[in-house]
Amino acid sequence: MTQFVPLCNSADLSDSGEAVPFDVTYCAQTCRAFAIRYQGQVYAYLNRCAHVPMELDYQPNRFFDSTGHWLMCATHGAIYQPQTGACRGGPCRGGLIKIDTSEFDGVVHWHTAHNLKSLEF
Ligand code: FES
């Protein structure tokens with residue numbers, strides 16, 4: 001069953017601004033993930049490039065390129081569409097792995113799925 005996991009306050013995410021990081025279990029592996037806001041909407045992805053499975057951010061929590069319209073991998077410059085995670089340039093094959101989100105009562109939540117769970121301690 002899908003769970004809505006509280007992540008941050010809505011005000012913590014500004015348009016094309018810094019991401020909020022979080023950890024998930026994806027296919028039984030612990031992975032970093034991140035949420036961003038773009039044109040008012042919140043989106044979240046695994047922090048794993050579709051070229052080589054490395055984290056994308058060139059500085060902690062900075063994923064947008066200088067235009068503020070693309071998510072960019074710091075390692076070899078792959079660029080991704082913020083709304084879908086689809087590759088739009090550079091060496092990526094495929095796109096980012098998307099995590100569903102919702103926003104209500106001033107709080108952003110991410111959604112678990114069959115292969116995506118909260119960390120268990
Ligand atoms: S690892 Fe991201 S572009 Fe190569």
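Some notes on this structure:
- Residue in the stretch 45-53 that is more than 13 Å from L96 (Cα to Cα) and out of contact with any strand residue (DSSP E or B) (no Cβ under 7 Å at 6 or more places or on another chain) present: no
- Hey, G89 farther than 27 Å from Q3 by Cα, out of contact with any Cys (no Cβ under 7 Å at 6 or more places or on another chain) and surrounded by fewer than 18 Cβ atoms within 10 Å (Cβ to Cβ) or not: yes
- Contact annotation: residue pairs with Cβ atoms under 6 Å, 6 or more positions apart or on different chains, pairing a residue in the stretch 84-106 that is within 21 Å of K117 (Cβ to Cβ) with a partner that is within 12 Å of the ligand (Cβ to nearest atom) and assigned to a strand (DSSP E or B), are L96/Y80.
- Residue match in the stretch 39-48 (condition: away from the ligand (no atom under 13 Å from the Cβ), buried (at least 16 other Cβ atoms within 10 Å of the Cβ) and hydrophobic (A, V, I, L, M, F, W, C)): yes
- Boolean, L119 is modelled with pLDDT under 95, out of contact with any helix residue (DSSP H, G or I) (no Cβ under 6 Å at 6 or more places or on another chain) and within 22 Å of N9 (Cα to Cα): yes
- Condition check for R37: within 11 Å of the chain's Cα centre (by Cα) and not in a loop (DSSP other than H, G, I, E, B): yes
- Selection within the stretch 93-115 - within 16 Å of D23 (Cβ to Cβ), part of a loop (DSSP other than H, G, I, E, B) and not β-branched (V, I, T): N115
- The set of residues in the stretch 55-84 being assigned to a loop (DSSP other than H, G, I, E, B) and closer than 15 Å to G95 by Cβ consists of L56, F63, W70, C73, A78, Q81, P82, Q83, T84.
- Failed item, numbered, when C31 is tested on (1) of a type in the set (A, V, I, L, M, F, W, C); (2) part of a loop (DSSP other than H, G, I, E, B); (3) touching a Leu at 6+ places or on another chain (Cβ under 6 Å): (2)
- In the stretch 62-98, the residues that are near the ligand (Cβ under 10 Å from one of its atoms) and within 21 Å of D12 (Cα to Cα): M72
The values are calculated or read from the model by the stated rules, or taken from the named source; none is laboratory data. All values reported here derive from a predicted model rather than from experimental measurement. A quick note on method: Cβ atoms are made from the backbone with ideal geometry, for glycine too, and the neighbour counts reach across all protein chains shown.
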